[in-house]
Ligand code: MN
């Protein structure tokens, strides 16, 4: 049977808007999800539909501009989805990771504290807007931190992301103004290490 074509969809949040308080407020989370994430989903779909109809009608389109926008919007959609699911309400989230990922972090970075400080440094020093991500490289059997500019620049292609933090100002501005460091300090209280463990376990 032929597989039907689809468009991107905004995935449901795995918790309520106020679930990440006091570290991320209801209003911060709502706007981030409903406006920003949805904007990337809609943006990616608009380009896909534009290309579909241009091809159908045999009309040209600006390939370079379309692909650049498509990369940005797909990146935004995929990264936000990973981000929502690698957070959990305080109590369920936070603390130090156990399991295989806990061991691997200590093995690769020396300690959990050392990993956190490198990860935060990556997140603090992104040029412009972007993300810090933890990836796993199967070829070298190493966890690698990836510093993503915008949603799509500076990436290690195909390395799977097991943990990601959004450092676009839109992710924290309502709660933290321009204090990205404070947002990051608090963010560790809502990291869903169970989810990170699940993602990592599938790769090893
Ligand atoms: Mn964002």
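The values are calculated or read from the model by the stated rules, or taken from the named source; none is laboratory data. Values in this document were obtained by computation on a predicted structure and should not be read as measured data. Here Cβ is always computed from backbone atoms with ideal geometry, including for glycine, and neighbour counts include all displayed protein chains.
Computed quantities for the displayed model
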| item | result |
| --- | --- |
| Residue among 21, 27 that alone is away from the ligand (no atom under 16 Å from the Cβ), within 21 Å of the chain's Cα centre (by Cα) and closer than 30 Å to residue 185 by Cβ | 21 |
| Residue that is nearest to residue 104 (Cα to Cα), among those in the range 160-187 that are more than 13 Å from the ligand (Cβ to nearest atom) and surrounded by fewer than 17 Cβ atoms within 10 Å (Cβ to Cβ) | 160 |
| Within the range 81-106, tally of residues that are outside any loop (DSSP other than H, G, I, E, B), in contact with a strand residue (DSSP E or B) (Cβ under 9 Å, 6 or more places away or on another chain) and either more than 16 Å from the ligand (Cβ to nearest atom) or under 17 Å from residue 25 (Cα atoms) (or both) | 6 |
| Selection status of residue 27, loosely packed, with under 14 Cβ neighbours inside 10 Å and at pLDDT 95 or above | yes |
| Total residues in the range 40-70, condition within 16 Å of the ligand (Cβ to nearest atom) and crowded, with 16+ Cβ neighbours inside 10 Å | 4 |
